[in-house]
Amino acid sequence: MKTNDSMKDENVFYPPKSITRKANVKDYETVYKRSIEDREGFWADEAKKLKWHKKWTQVLDDSNKPFYKWFTGGKINIISNAIDRHLKTHRRNKVAIIWEGEPGDVRVMSYHALNREVSKFANVLKSMGVKKGEIVTIYMPQIPELPIAMLACAKIGAMHSVVYGGFSVEALAGRISDANSRVLVTADGGWRRGKVTDLKSIANDAMDRSPTIEVCITVKRTGQEVHMENDRDFWYSDLMSLPIASPHCKTEIMDAEDPLFILFTSGTTGKPKGLVHSHGGYSVYTSTTHRNVFDVKDEDRWWCAADPGWITGHSYMVYGPLINGSTVIMYEGAPNHPYPNRWWSMVEKYGITILYTSPTAIRGLMRFGEQWPKRHDISSLRLLGSVGEPINPEAWRWYHDVIGRGECPIMDTWWQTETGGIMIAPMPVTPLKPGSATKPQFGIEVAVVDENGKDVKPGEEGKLVIKAPWPGMARTVFGDPDRYVETYWKEYEKQGWYKAGDSARIDEDGYIWVIGRIDDVIKVSGYRLGTAEVESALVSHPAVSEAAAIALPHEVKGNAIHTYVILKAGMAGSKKLEEELRKHVSEEMGPIARPESVSFLESLPKTRSGKIMRRVLKARALGVDEGDLSTLED
Ligand code: WTA
């Protein structure tokens, strides 16, 4: 690495010797260089660390760009790696999952026990006629049955589509119908801030709008009264106690490129898109990055405090860590329930060594003050991680000083649902600059460019692109390959680069600073939402004729949603209607989408072709220059 004055700055944090001495990756620069010069050789070596039923014949098949294929000819199942191979080693008895419910109930499962549960549920799914390639929708709170259901699908070659348990009727119904799911796995509810959530009635309403569903399997978590439809609804526990739920189930052997799951995520326009990830490349990519970035060792206790309903949960709560044979911590509820020490008491109780969370969560806990973590011995922590949005230096310092005793390096990881795994992040040997995700992962070539694809100067803002394929990349948009090409590959088609949709800058030391989205995707509390979805929820209200949503900065959430509506003729805006519209969005989409404000306007700024100019609304709200208005209609 080039050292100049800025690397000697007091704002650069060097990782302690206790960590660098034992790090899995000791020489980032050398390995990185090799991974770029001999990309396929590098990935072949990583892939060899996994169990394959048949070795690949080709590492990268780029004959049909941008639909890249990895490890073609290879046979694998992610479950052969995440569970099966551990059963033949000491890890059979190792704790796979420690789960704590919000009320304080605890479940601990060894790899042996996890295999039994997954196999049993896999047999249940089979008995319901679930076939290889079919998509099972999963809509659950954070309980062990959620990863169990995901793993069971993977085991029999079915795909899962997990819908975040915080989403509501419209969001769930849309995702079920896009996936054409016949089977839904859900729960009667979950615990959140001392109350039970109403999952099953939301699922029931969504199923009323989804004619494809034939079977719904419900886990009894809260015991609350719920409506069960004859011939459609079954209790999970009833099915799991039947003879068909045998604990022996053969893991289906899959082609490396066979799809593992789809995960819907918000895009620039229209409906969320289902990104498709595959068994082979995704297994290699998630396990490699988990091992390198978080330096995982067999004795670690790993806590990714995300929700499995988002990509972070898929890659770093379920698949990556289980492939690496880690002990995974899971918690059902709110970080501040019953008191703001809940997380820190868990760190102490379970001796957690690595914590991976979002800047929003850190800012939220920071507000309660350091007396809460100070009440606990959290010295077991060795490494900390951050994901989902840029971390502001103030939150970084608090995380580092108060939670990490000024010693734990912070792995600020930049990536996306589309990338499958971490793309830009330090490794424990990397000197850190608060707010920078630092350097690309092995095999990843990043650039920050202008419209023409020219590198911008150091320190200047530009568009973030990835210059070459990687094994964890999404293979396509489910059912809409054109949209995959259009969204990610069209703009830099000539160069063959992937457009991330973020703006960034690279400093003199080659450190990457991600600034934020340049499209109409909003990150609220690290959750990804599309302005289009919020707008369509607003327009579904009888009083609204047109709507626009934008993101404005928010102290804790990073961004908050602000909306502008034109009412139908004869309707008048009022405080009461504003409240009603906010509630309406929350009911249709979920509480995370609840707008911070609703303003009533006579007209919306639009281009002559009728597109809403959200950037003009944003500039007005922030009181800054509105920029080029030459395309404005009026
Ligand atoms: C943002 C989450 C800055 C970014 C894993 C990206 C980040 C979007 C970071 C993807 C980070 C994620 N620093 N921004 N460390 N991590 N982002 O698909 O805008 O939910 O494009 O995946 O989150 O969000 P997604």
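Relative contact order for the range 404-462: 23 percent, from Cα pairs under 8 Å spaced at least 6 residues apart, divided by residue count. Phi angles across the range 590-596 convert, under the Karplus curve 6.51 cos²θ - 1.76 cosθ + 1.60 with θ = phi - 60°, into 3J(HN,Hα) values of x, x, 5, 8, 4, x, 5 Hz, Gly and Pro given as x. Amide H contacts for G333 (H built 1.01 Å from N in the peptide plane; partners 5 or more residues away or on another chain; cut-off under 5 Å): E102.
Taking 0.36 nm per residue of sequence separation and subtracting the Cα-Cα distance, how much length would be gained by fully extending the chain between S241 and T212, in nm to one decimal?
Separation in residues times 0.36 nm, less the Cα-Cα distance, equals 7.8 nm.
Of the heavy-atom accessible surface of the chain (probe 1.4 angstrom), what whole percent is carbon and sulfur? On the chain, the fraction of accessible area on carbon and sulfur atoms equals 50 percent. Between N392 and R483, the FRET efficiency from the beta-carbon distance, with R0 = 51 Å, is close to 0.95. Which of the three applies to the range 461-563, rounded, prolate or oblate, going by the alpha-carbon gyration tensor with a ≥ b ≥ c and a/c under 1.5 meaning rounded? It is oblate, given that a/c is not under 1.5 and a/b is not larger than b/c.
Taking label points 7 Å from Cα along the Cα-to-Cβ direction, H53 and K94 give a separation of 2.4 nm.
Calculated mean residue ellipticity, 222 nm, the chain: -7500 deg cm²/dmol, from DSSP H runs (n ≥ 4) at -39500 (n - 2.57) each, averaged per residue and rounded to 500. Reducing the range 143-160 and the range 77-117 to their Cα centroids gives an inter-centroid distance of 13 Å. Between the amide H of V477 and those of Y484, distances stay under 5 Å, these residues lying 5 or more places away or on another chain, with hydrogens modeled in the peptide plane. Computed from the C-alpha gyration tensor, the three semi-axes of the ellipsoid equivalent to the range 302-362 are 20, 14, 9 Å, from longest to shortest. The base-10 log of I(q)/I(0) for the chain, evaluated at q = 0.05, 0.12 Å⁻¹, reads -0.21, -1.38 [Debye formula, identical scatterers on Cα atoms, solvent excluded]. When the charge dipole of the chain is built from unit charges on Cβ atoms (+1 for Lys and Arg, -1 for Asp and Glu) and taken about the Cα centre, the candidate among T417, T286, A47 whose Cα reaches farthest toward its positive end is A47.
Taking a ≥ b ≥ c as the square roots of the eigenvalues of the Cα gyration tensor of the range 79-179, is the shape rounded (a/c under 1.5), prolate (a/b larger than b/c) or oblate?
In terms of gyration-tensor shape, oblate.
For the range 511-527, the residues whose amide N sits under 19 Å from a probe point set 7 Å from the Cα of I36 along the beta carbon direction are 511-514. For the range 36-124, the Cα gyration tensor yields ellipsoid semi-axes of 34, 15, 14 Å (square root of five times each eigenvalue, largest first, whole Å).
For the chain, the per residue solvent-accessible surface stands at 39 Å², with DNA, RNA and ligands left out and a 1.4 Å probe. Considering only Cα-Cα distances, which of the following residue pairs are longer than 27 Å: K200/K611; K22/K349; K54/K132; K463/K568? Pairs exceeding the cut-off: K200/K611; K463/K568. Across the chain, the mean sequence separation of Cα contacts (distance under 8 Å, 6 or more residues apart), normalised by length, yields a relative contact order of 13 percent.
Cα centroids of the range 206-273 and the range 293-333: 22 Å apart.
For D519 and N336, the difference between the fully extended length at 0.36 nm per residue and the C-alpha to C-alpha distance is 62.6 nm. Computed from the Kirkwood radius of its Cα pairs, the Stokes-Einstein diffusion coefficient for the range 1-152 at 10 °C and 1.306 mPa s stands at 79 µm²/s. Just how far, in whole angstrom, is the range 560-587 from the range 398-422 if you go by their alpha carbon centroids? A separation of 37 Å, based on Cα centres. Could you list, in their original order, any pairs among K273/K523; K439/K494; K65/K457; K454/K494; K51/K467; K433/K499 whose Cα atoms are separated by more than 20 Å? Long pairs (Cα-Cα over 20 Å): K439/K494; K65/K457; K51/K467; K433/K499. Database remark: amide H of I138 closer than 5 angstrom to the amide H of S161, V162, V163, V185 (H placed geometrically; neighbours at sequence offset of 5 or more, or on other chains; Pro and chain starts carry no H). Backbone geometry of the range 133-148 corresponds, through the Karplus equation with coefficients 6.51, -1.76 and 1.60 at θ = phi - 60°, to 3J(HN,Hα) couplings of x, 6, 9, 9, 8, 10, 9, 9, x, 7, 10, x, 5, 5, x, 4 Hz, x marking Gly and Pro.
Straight-line cross-link reach from K195 at under 22 Å between alpha-carbon atoms covers these lysines, not counting any fewer than eight positions away in the same chain: K220, K583.
Under 12 Å of direct C-alpha separation, and excluding same-chain neighbours fewer than eight residues apart, K17 reaches these aspartates and glutamates: E407.
The values are calculated or read from the model by the stated rules, or taken from the named source; none is laboratory data. Here the structure is a predicted model, which means the values were calculated and not measured. Methodologically, a virtual Cβ is constructed for each residue, glycine included, from the backbone with ideal geometry; neighbour enumeration extends over all protein chains shown. What goes into the accessible areas is simple: the full protein's heavy atoms, side chains included, and nothing from ligands, DNA or RNA. Shrake-Rupley method; radii C 1.70, N 1.55, O 1.52, S 1.80 Å.
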